[in-house]
Amino acid sequence: MPFTKIAVAGLSPLFIGSARAVVAAILAVLALSLTRQRLPQGRQWIRLAVVAAGIVVGFPLLTSFALTSTPASHGAVVIALLPAATAAAAVLRGRERPSAGFWAASILGALAAIGFALLQSGGFGQLGWADLLLFGAVVAAATGYAEGGLLARELGAWQTVSWALVLASPLMVVLAAVSILQQPPSGTPVQWAALAYLGVVSMFLGFIAWYRGLAIGPMAQVSQIQLVQPILTLCWAWLLLGETLTWTTIVGALAVILCAAAAVRVRLGTPRPPTNP
């Protein structure tokens with residue numbers, strides 16, 4: 001999110017949300033071609049469309065537009081809900097059944113993350129379009145994570161990410177072209193570097209590692225690692241953007257990480273669910 005905030009300072013949100021996917025799709029095509037991966041079959045294409053809609057189209061575009069009018073630290077408030085949303089999506093789609101103790105630790109962790117981010121960002125204030133866009137981004141990402149985690153058990157982690165990027169690439173190329181026609185990009189070198197990071201790392205390399213972890217699962221447990229994301233977001237927002245970082249960072253970080261650790265320990269103490277989708 002801090003890199004997206006840097007990029008939207010000079011580039012249009014539509015261009016950022018689409019161009020980052022185009023960059024990642026180019027890498028995906030190269031990886032799939034060089035390794036001669038077999039094509040997905042039947043319903044796998046429909047499931048890949050769900051993944052693409054969530055993580056390639058939905059989350060990047062919604063967060064890009066939201067961060068044109070809100071700080072990265074404020075975005076961390078809503079994105080802190082993502083672990084709980086991913087766990088819920090995993091339960092609905094993957095037939096995972098976390099225990100009551102897991103849910104209690106997860107909810108406490110989410111509340112700690114939200115409270116921490118609220119203290120840092122100064123509170124929600126009046127609910128605006130940026131908040132609604134961020135809520136939509138949470139739903140989109142959670143859906144894409146749950147379906148992609150299951151699909152990665154069949155196709156492989158990097159293959160799932162790559163095929164989702166390829167599937168969404170025609171739409172993202174069109175959106176990138178439209179954004180260029182509407183507002184020719186003219187960012188600074190730093191803003192272009194931020195966009196390059198979003199395309200290469202956030203949209204491709206990072207997703208490969210993330211989906212591998214989700215595939216190993218259980219997804220509801222693995223998703224709780226995201227509870228440290230608000231902490232990292234605020235730290236990078238402070239370092240890169242100069243946004244306020246106070247002593248509450250230490251307290252908030254401890255609370256969030258302890259809750260995440262408790263959720264993992266509780267989940268490890270329960271039988272593993274079936275891994276078949």
Three-way shape call for segment 2-268 based on the alpha-carbon gyration tensor, with the a/c threshold at 1.5
oblate
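When the chain is fully extended, how far beyond the present Cα-Cα distance does LEU258 get from LEU171, taking 0.36 nm per residue of separation?
Values: separation 87, 0.36 × 87 = 31.32 nm, distance 4.14 nm.
Result for the pair: 27.2 nm of gain on full extension.
Multiply the residue separation of ILE107 and ALA193 by 0.36 nm, subtract the distance between their alpha-carbon atoms, and state the gained length in nm to one decimal.
Working: separation 86, 0.36 × 86 = 30.96 nm, distance 3.63 nm.
Result for the pair: 27.3 nm of gain on full extension.
Using only the Cα atoms of segment 157-205, construct the convex hull and provide its projected area averaged over every direction, in square nanometres to one decimal. Please list the in-between numbers first.
Working: hull surface 14.9 nm².
Mean orientational projected area (segment 157-205, Cα hull): 3.7 nm².
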Using 7 Å Cα-to-Cβ label points, what is the VAL251/LEU30 separation (nm, one decimal)?
4.8
So what is the relative contact order of segment 2-268, in percent, for Cα pairs below 8 Å that sit 6 or more residues apart?
38
Once amide H atoms are built 1.01 Å from N in the peptide plane, which residues 5 or more positions from ALA9, or in another chain, come under 5 Å H to H?
none
Separation of segment 39-99 and segment 139-159 by C-alpha centroid, Å?
10
Return the sequence-ordered ³J(HN,Hα) values of segment 150-159 in whole Hz as given by the Karplus equation 6.51 cos²θ - 1.76 cosθ + 1.60 applied to θ = phi - 60°, using x for Gly and Pro.
5, 5, 5, 6, 9, 9, x, 5, 6, 5
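Only the coordinates and a few stated rules stand behind these numbers; no lab work does. Treat the numbers as computed from the prediction; the structure is a model and nothing was measured. Don't worry about glycine lacking a Cβ; one is built from the backbone with ideal geometry, like all the others, and counts go over all protein chains shown.
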